[in-house]
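What follows is a short report on a single structure.
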């Protein structure tokens, strides 16, 4: 048996690419011939992946092709006509309406991606999704055989010592509210800023908001956020940007909670990372979040900012509540351990 994993991009620090590499290593450890093929490959990762232009060399009748689907790609049409058996791992595509005020390019990309995933329904032997939310989307798109396979995370990277300069700067007695994720409209950083305003203005003035994730200053959405901060006249909102693993570990270490008011998540890796770092999670109840959290964390059903602010303070002040949240999150973390996810993957592959 030969297994190929097909990715539009092979980048450092990308959850999908990292998951594919962990799957690749696990397959090799079991003696299975395994290859990663990518359309765009970071130069320093050329030893991890083969250029997708060589796909025909790997497409044999005994091959299993696993297509990690998150963006439209030339892979779609080659995959549809491939000789081998076909497995989709669907990581979801943000609905286009989130970008309509901000980027025509992203509206086009996401619309195309949702069109392409539908094209593959009849050609795919098994449609896997990294959350139950995503699996239900596959079913709605016409996929007959579906299942859930969480993102495979390398927990060892969270053992990397936290960056000391971050600890020195932010571990100062101030309540640190953390969000991790690209600055983009579906993540709803504007709602985080509004909730933080209520918290800092009316509940706890000794607080800061840490927005960790990629952004560009020239993006329309980033401009909207900066205008909102100026309008509300609040300080202590920090746009951290893209960071190293050691820096990320430090931000999880110094934070008091993860606050997520995103309105579209296909899985939400930061939720699992927060479980690992024993960081209480408050999250808006939508899309994949209730499935990823299970019975852990605190789900927010309505975006009433004053109430969210009071809830945040309860997590900060009430040690018994905080401990209960952490205990339940730690129990939930077991579902995402590598051995659990890999056993699920091997069972799926045996079925086809």
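Bear in mind these aren't lab numbers, they're just calculated from the coordinates by the rules spelled out. Just so you know, these numbers come straight off a predicted model, no measurement behind them. Here the Cβ is made from the backbone with ideal geometry for all residues, glycine too, and neighbour counts use every protein chain on show.
Some points to look at:
- For segment 173-189 versus segment 242-296, the spacing of their alpha-carbon centroids is 10 Å.
- P(r) weight above 22 Å for segment 157-335, C-alpha pairs, percent: 41
- In this rough spin-label picture, where each label sits 7 Å from Cα along the Cβ direction, the residue 236-residue 310 distance is 2.1 nm.
- For the chain, built as a Gaussian network whose Cα springs stay under 10 Å, the top-fluctuating residue of 23, 308, 243: 243
- Debye equation applied to the C-alpha atoms of segment 1-84, log10 I(q)/I(0) at 0.11, 0.15, 0.26 Å⁻¹: -0.25, -0.48, -1.43
- Theoretical ellipticity at 222 nm over the chain - DSSP helices of four or more residues, -39500 (n - 2.57) apiece, nearest 500: -12000 deg cm²/dmol
- Gyration tensor over alpha-carbon atoms, the chain, equivalent ellipsoid semi-axes in Å: 37, 22, 19
- Within segment 34-124, antiparallel bridges make up roughly 0 percent of the DSSP beta bridges whose residues both belong there.
- Square roots of 5 times each gyration tensor eigenvalue, C-alpha, segment 2-152, largest first, Å: 24, 18, 15
- Segment 105-138 and segment 18-92 have Cα centres spaced 17 Å apart.
- The C-alpha radius of gyration of segment 177-250, expressed as a fraction of 2.2 N^0.38 Å, stands at 1.08.
- GNM result for the chain, Cα springs below 10 Å: residue of 241, 127, 113 fluctuating most strongly: 241
- When 18, 130, 51 are arranged by Cβ crowding within 10 Å, least crowded first, meaning fewest neighbours, the order is 51, 18, 130.
- Cα-derived Rg to Rh of segment 120-191, Kirkwood definition: 1.19
- Dividing the convex hull volume of the alpha carbon atoms of segment 212-300 by its residue count gives 116 Å³ per residue.
- Neighbour-count ranking [beta-carbon atoms within 10 angstrom, fewest first] of 257, 311: 311, 257
- Max mean-square fluctuation residue, GNM over the chain, Cα-Cα springs under 10 Å, options 184, 76, 244: 244
- Rounded to the nearest 10 degrees, the angle from helix 220-232 to the longest Cα principal axis of the chain is 10 degrees.
- When the alpha-carbon atoms of segment 74-218 are used, the pair Rg, Dmax equals 20.4, 62 angstrom.
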